[in-house]
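**Q** Below is the structure I would like to discuss, written out as structure tokens.
The values are calculated or read from the model by the stated rules, or taken from the named source; none is laboratory data. These figures come from a predicted structure and were not determined experimentally. When we count neighbours, we look across all protein chains shown, and the Cβ atoms used for this are built from the backbone with ideal geometry, even at glycine.
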Amino acid sequence: MSPTILIADDDRELDKLYEHYLSRCGYRVLTASGGVECLSIIHHEFPAVIVASVDMPWGGAEGLLDYLSEESGPQCNPNVILTGYTADENVAQLREASCVFRYLRKPFLMGRLLDCIRAIEFDLRDAGRPDVSCRLRKPVVACH
């Protein structure tokens, strides 16, 4: 079974683009338009990876990371990839959260997002976490 990816962004067009791309790459993709909806999905679906916009409404990335660190403690799960138009220095503090894997400045190539997700997937498999094992997918080229 493929890992579940949660996309939390207020830009519905980007949500659709990410969802279409990642679905074609074999992932189960859920979307949330803000922090409240994101937290609701986390409680019911337990995604392996969250791709969250720094500027997402109703809590933003900061609220999401606070919640995840309180719920999970130092062993934060799921892993978070932050995205945004913000300069890197403005997200430096957010990047220090134990569950933040990477910050991607928008716009970015979809292949970079896929590389981040696959790196997380590899780390989770390497740590012996069978609940997020990856099923075989078509080559990366088919996803671009």
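**Q** Count, please, the residues in the range 16-60 that happen to be touching a Ser or Thr at 6+ places or on another chain (Cβ under 9 Å), more than 16 Å from Ile117 (Cα to Cα) and not in a loop (DSSP other than H, G, I, E, B).
**A** Qualifying residue count for the region: 6.
**Q** Right, something else. Restricting attention to the range 98-132, and to residues there that are hydrophobic (A, V, I, L, M, F, W, C) and modelled with pLDDT under 75, which single residue is surrounded by the fewest Cβ atoms within 10 Å (Cβ to Cβ)?
**A** That would be Ala127.
**Q** Moving on to the next point. If I filter the range 84-93 for residues that are surrounded by fewer than 17 Cβ atoms within 10 Å (Cβ to Cβ), of a type outside the set (D, E, K, R), assigned to a loop (DSSP other than H, G, I, E, B) and modelled with pLDDT of 85 or more, do I get at least one hit? First the steps, then the outcome.
**A** Keep residues of the range 84-93 that are surrounded by fewer than 17 Cβ atoms within 10 Å (Cβ to Cβ), which gives 85, 87-90, 92-93.
Subsequent filtering for residues that are of a type outside the set (D, E, K, R) retains 85, 87, 90, 92-93.
Checking the rest, the ones that are also assigned to a loop (DSSP other than H, G, I, E, B) come to 85, 87.
With the extra rule that they be modelled with pLDDT of 85 or more, the set shrinks to none.
Checked against the condition, which is being surrounded by fewer than 17 Cβ atoms within 10 Å (Cβ to Cβ), of a type outside the set (D, E, K, R), assigned to a loop (DSSP other than H, G, I, E, B) and modelled with pLDDT of 85 or more, the range 84-93 yields no hits at all.
**Q** Residues being in contact with a Cys (Cβ under 7 Å, 6 or more places away or on another chain), farther than 19 Å from Arg95 by Cα, modelled with pLDDT of 90 or more and buried (at least 18 other Cβ atoms within 10 Å of the Cβ): count how many of those fall in the range 1-53.
**A** 2
**Q** Can I ask one more? What are the residues in the range 54-64 that are buried (at least 24 other Cβ atoms within 10 Å of the Cβ) and under 12 Å from the mean Cα position of the chain (by Cα), if any?
**A** Ala61, Leu64, listed by residue number.
**Q** Answer with yes or no whether Asp10 is in contact with a Gly (Cβ under 7 Å, 6 or more places away or on another chain) and touching a residue at least 12 places away in the same chain (Cβ under 8 Å). Spell out how you get there, then give the answer.
**A** Details: in contact with a Gly (Cβ under 7 Å, 6 or more places away or on another chain): yes; touching a residue at least 12 places away in the same chain (Cβ under 8 Å): yes.
It is true that Asp10 is in contact with a Gly (Cβ under 7 Å, 6 or more places away or on another chain) and touching a residue at least 12 places away in the same chain (Cβ under 8 Å).
**Q** From Asp9, Asp55, Asp66, grab the single residue that is of a type outside the set (Phe, Trp, Tyr) and under 14 Å from Val100 (Cα atoms).
**A** Just one listed residue meets the conditions, Asp66.
**Q** Exactly one of (1) at pLDDT below 75; (2) out of contact with any Ser or Thr (no Cβ under 7 Å at 6 or more places or on another chain); (3) closer than 23 Å to Gly34 by Cα; (4) of a type outside the set (Ser, Thr, Tyr) is unmet by Cys76. Its number?
**A** (2)
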